[in-house]
Each structure stands twice: as C-alpha cells, then as structure tokens.
C-alpha cells in the first residue's frame, strides 16, 4: 500500500464511521503510518513553513499513532519541545478514542501545538484537544499534513475555537497527482464526487 491507496474492490471505512456508520465509504485511504525517517523529516519541514500568525506554542504533541513521528520530526526541525501527552484508548462500547497519556510529567503544561497526519470530520482532533485541556494544556492550534476537506476544519474551529492549519488539501494533492499521471481521471472523479457528498 502506498501513501494514498485507491479501493480496488469495496471502499474504506474511516474514523467517521465510528460515529456515523451510514456515511458513504471512502474511495481512498491515506496511510501515513510507518513512514521512513527521511519522509517524516520532510513533512516536519513542510509543516514548519506554515505561517505562525502570532502563535507561540511551548510544546508540540502528536495524535497517536501517525501524528507522533510527525510531531517528533516537527520538533526536531523547529526546536519546539516535543512531549508525549496523548495515547489511544477504547470506549466502553469498543470504539477507539484519544485520551491523556497516563504518565505525562507534571511540569509538562502550557501552550501546545497538536500535530497529526490527516483531518476528515475532526472527531479524533476534538478528543485530542479535550484530552489536553483536561490535563492543563492550552492548545494553540492543530497542524496537519492533509485536510480531506470533509468539514473537519470548520467543525473543530467552530466547536473548540482553535485554529486548524494544513500543508495540503486533498484537492491540491489530487490535482497534482492527476497532472503528473499518478492517478487516473476515473480515480480523480470518484474522489471529487465523494467529497461533494
């Protein structure tokens, strides 16, 4: 599987389906887990190019799993301290959730930038922001690599009053992939139709 994988038979369930099982399945899956260190470093550099707009975080944290290596790379590139403050958990009905890391040090507080790979509807991002606030952090923003343009950015900004910054939108990536022959016209159209639903 590459970074972007298109469905051959069937389609992909994403985090939204934990909350809305009737939502249309995704025709593509973006896989940014287990990246080579050099690619994570390039992502950190790209994230560091997003204008700060007066934000001054003291820390950065990653949303597990994919966000953690990206946050470490971002910290290496920018000099902003990295800390482990979030972990994966399971709800009583067996669904995944993001919760505070149980062993984070007491001095690890203050303004924090949250790093992750992809934004869809924003459910895990809201869990992350609320988890960090519950242990005394003040999230300054969410910095993500790819905005899937499925309403998550507006939802998180409206519900939590927190800025969402992204390196790319899914449309920007697909436009590039279509121009360079890395996706077919049929794949491109199927994703654009999916994003319009």
Point to revise | Meets criteria (closer than 17 Å to residue 129 by Cβ and modelled with pLDDT under 85) for residue 15 | key: yes
Review point. Of these, 131, 48, 38, which one is within 25 Å of residue 158 (Cα to Cα) and free of Cβ contacts under 8 Å to residues at least 40 places away in the same chain?
Key: 48
Exercise for review: Look at segment 97-109 and say how many of its residues are at pLDDT 85 or above and either farther than 13 Å from residue 131 by Cα or in contact with a strand residue (DSSP E or B) (Cβ under 6 Å, 6 or more places away or on another chain) (or both).
Suggested key: 4
Exercise for review: Please give the number of the condition residue 112 fails out of (1) within 19 Å of residue 56 (Cα to Cα); (2) over 14 Å from the mean Cα position of the chain (by Cα); (3) modelled with pLDDT of 95 or more; (4) surrounded by fewer than 22 Cβ atoms within 10 Å (Cβ to Cβ).
Suggested key: (4)
**Study point:** Failed criterion for residue 56 (all others in (1) within 23 Å of residue 44 (Cβ to Cβ); (2) outside any loop (DSSP other than H, G, I, E, B) hold)
**Key:** (2)
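The values are calculated or read from the model by the stated rules, or taken from the named source; none is laboratory data. Please read all numbers here as calculations on a predicted model, not as lab measurements. In this analysis, Cβ positions are derived from the backbone assuming ideal geometry, glycine residues included, and neighbour counts consider all displayed protein chains.
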